[in-house]
Amino acid sequence: MSIAPPLTITNAQLVLPEGDPVKGSIRCENGHIAAIGKVSPQPNDQLVDAGGKLVTPGLVDLGVFAIDKPACHFGGITRAALMPDQSPPLDHPARVRFAAQSGKPDFWVHPLAAATRKLEGSELAEIALMREAGARAIATGRKWIGDSGTMLRLLQYGGMLDMMVVSHAEDAGVAGNAVATAGEIATRLGLPSAPAEAEALAITRDIALAELAGARLHLRAVTTAGGLALVRAAKQRGVKVTAGVTPAYFMLSDLAMAEFRTFARLSPPLRSEEDRLAVLAAVADGTIDVIASGHDPRGPEDKRLPFADAEPGMAGAETLLALTLNLVRDGVISLSHAFDLIAANPARLLGANAGRLEIGAEADIAIIDQDHPWIVDSEEMAGSAGNTPFDKQPVQGRVLGLFKGGAKVGTK
């Protein structure tokens, strides 16, 4: 139960689960949303005037590699699923329990249990014990499990425990040590590359095994036209598969790697323009269920290296909201669909009572000026590192206020 006093936010444009924003107020009590719409504040309520700006659910980020509260709060994120790729990995109940407590009280961490011991892809970890310790799902981490027997056992076990399996869909046997997608850009730069089909091969296998096991499968980053077509077809025949992506793959193509910009060294690597357009179409038609930040802050020691030697990853928490709002301004999706992708759907997949403005949901709330202009600056970011491929790019959309369980938290 929240110790915060009751809160009423007035003069708001409420972003509800469906339809256009609605003018009204929202009242929170005991950490939950108590009333929405024509709300009269009670005598002892804390009053906040939203100034006619958007009032939305706090963002739920499905798959960060570091708990970076300043970056998350800046970006309106109140909850994040932590990938198991930690040091040491989240393959033990005590580590999961510690991670689940690490962000409180103003940030909720939902640990993802390592699928295999040490994330080595062979022996299954103690998943049931990690679930009891607070794990919300199971994840293969940055790597694909190449052994199909191990992956089938994992999916069967996940199905038995009703835990979603989060997979990195990239066939390691085909991808090898590639740092780029095969094509003109990789050839011009002389970079080790792999065909985009490495993703489709992995997705084909994982969907087949998930269908066999009757398990829930979430493909963390689906970035190619071929992979998206497979997900779309699997959904149509009733497979319990969902797909995610990060803004890099609908905003950028492999052209962003020109001049060997290591901030654009990502995993999976950036794709062709054709694939980028396919991602946009998949966001619009619902094939993609989640847009996540993929937040993976990397300092100069990891990025100021030759492109092939640099570590993959981008700092994404601070830009997730603004880049997703680009899709709304461009007419790709509606505002309510945008918050499905960055709040409601990830919360649902994680089993969290959050991500939507509904009576009874936890009072994780953001006040947002969707038109506020700002420039992404890698040297001025709130997070622990500024390795963003969107450095110096103008964007719109800024968090003005953030509440976790009805209590105000700091934003930059």
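The values are calculated or read from the model by the stated rules, or taken from the named source; none is laboratory data. Only a predicted model underlies this, so the values are computations on that prediction, with no experimental measurement involved. Backbone-built Cβ (ideal geometry, glycine too); neighbour counts: all protein chains shown.
Take Ser378 and decide whether it is among the hydroxyl-bearing types (Ser, Thr, Tyr) and within 28 Å of Val241 (Cβ to Cβ). No, not satisfied.
For Asp61, the stated conditions hold: it is under 29 Å from Tyr157 (Cα atoms), in contact (Cβ under 8 Å) with a residue 12 or more places away in the chain and not hydroxyl-bearing (Ser, Thr, Tyr). Residues of the range 56-112 that are in a loop (DSSP other than H, G, I, E, B), closer than 30 Å to Leu400 by Cα and among the acidic types (Asp, Glu): Asp68, Asp106. Taken over the range 94-131, residues that are in contact with a helix residue (DSSP H, G or I) (Cβ under 7 Å, 6 or more places away or on another chain), of a type in the set (Gly, Ala, Ser) and surrounded by fewer than 22 Cβ atoms within 10 Å (Cβ to Cβ) amount to 4. Restricting Gly134, Gly146, Gly141 to residues that are surrounded by fewer than 16 Cβ atoms within 10 Å (Cβ to Cβ), modelled with pLDDT of 95 or more and assigned to a loop (DSSP other than H, G, I, E, B) narrows the list to Gly146. Screening the candidates Gly360, Gly313 for the property of being touching a Lys or Arg at 6+ places or on another chain (Cβ under 7 Å) and over 17 Å from Lys53 (Cβ atoms) yields one hit, Gly313. Out of all the residues in the range 241-256, is one or more among the charged types (D, E, K, R), more than 19 Å from Ser148 (Cβ to Cβ) and assigned to a helix (DSSP H, G or I)? For the range 241-256, residues among the charged types (D, E, K, R), more than 19 Å from Ser148 (Cβ to Cβ) and assigned to a helix (DSSP H, G or I): present. Total residues in the range 311-331 satisfying the condition of being within 26 Å of His168 (Cβ to Cβ) and surrounded by fewer than 21 Cβ atoms within 10 Å (Cβ to Cβ): the figure is 3. The set of residues in the range 70-107 being modelled with pLDDT under 95 and of a type in the set (Lys, Arg) consists of Lys104 alone. Residues in the range 293-315 that are in a loop (DSSP other than H, G, I, E, B) and in contact with a helix residue (DSSP H, G or I) (Cβ under 7 Å, 6 or more places away or on another chain): Ser293, Leu305, Ala310, Glu311, Ala315. Picking from residues in the range 159-202 that are touching a helix residue (DSSP H, G or I) at 6+ places or on another chain (Cβ under 8 Å) and among the hydroxyl-bearing types (Ser, Thr, Tyr), the one that is farthest from Val239 (Cα to Cα) is Ser193.
Pairing residues of the range 15-26 that are closer than 16 Å to Leu341 by Cβ with residues that are of a type in the set (Asp, Glu), at Cβ distances under 9 Å and at least 6 apart in sequence or on separate chains, gives Leu16/Glu358; Pro17/Asp340; Pro17/Glu358. Of all residues in the range 203-212, exactly one satisfies the criterion of being buried (at least 21 other Cβ atoms within 10 Å of the Cβ) and either charged (D, E, K, R) or farther than 14 Å from Ala234 by Cα (or both), namely Asp206.
Residue-by-condition table, conditions (1) β-branched (Val, Ile, Thr); (2) closer than 18 Å to Gly316 by Cα; (3) touching an Asp or Glu at 6+ places or on another chain (Cβ under 8 Å):
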{"residue": "Phe74", "(1), (2), (3)": "no, yes, yes"}
{"residue": "Thr78", "(1), (2), (3)": "yes, yes, yes"}
{"residue": "His92", "(1), (2), (3)": "no, no, yes"}
{"residue": "Ala139", "(1), (2), (3)": "no, no, no"}
{"residue": "Trp144", "(1), (2), (3)": "no, no, yes"}
{"residue": "Ser167", "(1), (2), (3)": "no, no, yes"}
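Number of residues in the range 176-197 that are in a helix (DSSP H, G or I) and touching a residue at least 60 places away in the same chain (Cβ under 8 Å): the value is 3.
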